[in-house]
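Beneath this line is the structure, given in structure tokens, with notes to follow.
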Amino acid sequence: MPAYMIVTAKIADRDAFIQGYGATAGALVAKFGGRYILRGPGAELLEGDFGDGASMVISEWPDKAAAKTFWNSPEYGEAKKLRADIADCQVLLIEAPSIAEALNG
């Protein structure tokens, strides 16, 4: 069952974020079997208290285990340090049924 990692990030220094963390994390997502569905700034908050104007990233993974392998890897642990002082992130992971399962479910 595919899994999706959904990240909302308030970024203080976008250039540093993209050049450091973004480049490193992007290579690791591919290495660990994920792919980006969406990456972009300017989220509009419709409800809640986190995310207005934030950047959003959605990545797709073969399953939840693959996403967690990426997330818990030493390589990604090092990459997260590159965003420590320049971004406030909220990260969610959810498993989703395939479209066929959702339609038949």
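What the table below lists for this structure:
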read-out	value
Residue under evaluation ALA65, criteria (1) assigned to a helix (DSSP H, G or I); (2) under 21 Å from ILE94 (Cα atoms); (3) in contact with a Phe, Trp or Tyr (Cβ under 9 Å, 6 or more places away or on another chain); (4) not β-branched (Val, Ile, Thr), criterion not met	(3)
Checking MET1 against (1) loosely packed, with under 12 Cβ neighbours inside 10 Å; (2) outside any strand (DSSP E or B); (3) in contact (Cβ under 8 Å) with a residue 40 or more places away in the chain; (4) out of contact with any Lys or Arg (no Cβ under 8 Å at 6 or more places or on another chain), the condition it does not meet	(4)
Residue match in segment 94-105 (condition: among the polar types (S, T, N, Q), farther than 11 Å from MET5 by Cβ and in contact (Cβ under 8 Å) with a residue 60 or more places away in the chain)	yes
Of all residues making up segment 1-32, the number that are polar (S, T, N, Q) and farther than 25 Å from ALA66 by Cβ	1
Among (1) exposed (fewer than 11 other Cβ atoms within 10 Å of the Cβ); (2) not in a helix (DSSP H, G or I); (3) not small (Gly, Ala, Ser) - the single one ASP15 does not satisfy	(2)
Hey, LEU45 in a loop (DSSP other than H, G, I, E, B) and under 22 Å from ARG14 (Cβ atoms) or not	yes
PRO41 farther than 19 Å from ALA96 by Cα, in contact with a Lys or Arg (Cβ under 8 Å, 6 or more places away or on another chain) and surrounded by fewer than 16 Cβ atoms within 10 Å (Cβ to Cβ)	yes
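Matching residues to (1) on the phi > 0 side of the Ramachandran plot; (2) in contact (Cβ under 8 Å) with a residue 12 or more places away in the chain; (3) out of contact with any Leu (no Cβ under 8 Å at 6 or more places or on another chain); (4) of a type in the set (Gly, Ala, Ser):
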residue: THR8; (1), (2), (3), (4): no, yes, yes, no
residue: ILE37; (1), (2), (3), (4): no, yes, yes, no
residue: ALA43; (1), (2), (3), (4): no, yes, yes, yes
residue: GLY51; (1), (2), (3), (4): yes, yes, no, yes
residue: MET56; (1), (2), (3), (4): no, yes, no, no
residue: GLY77; (1), (2), (3), (4): no, no, yes, yes
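None of the figures in this text is laboratory data; all of them are computed from the coordinates on show. Keep in mind that this is a model prediction, so the values were computed, not measured. Heads up, the Cβs are rebuilt from the backbone with ideal geometry, glycines too, and the neighbour counts pull from every protein chain shown.
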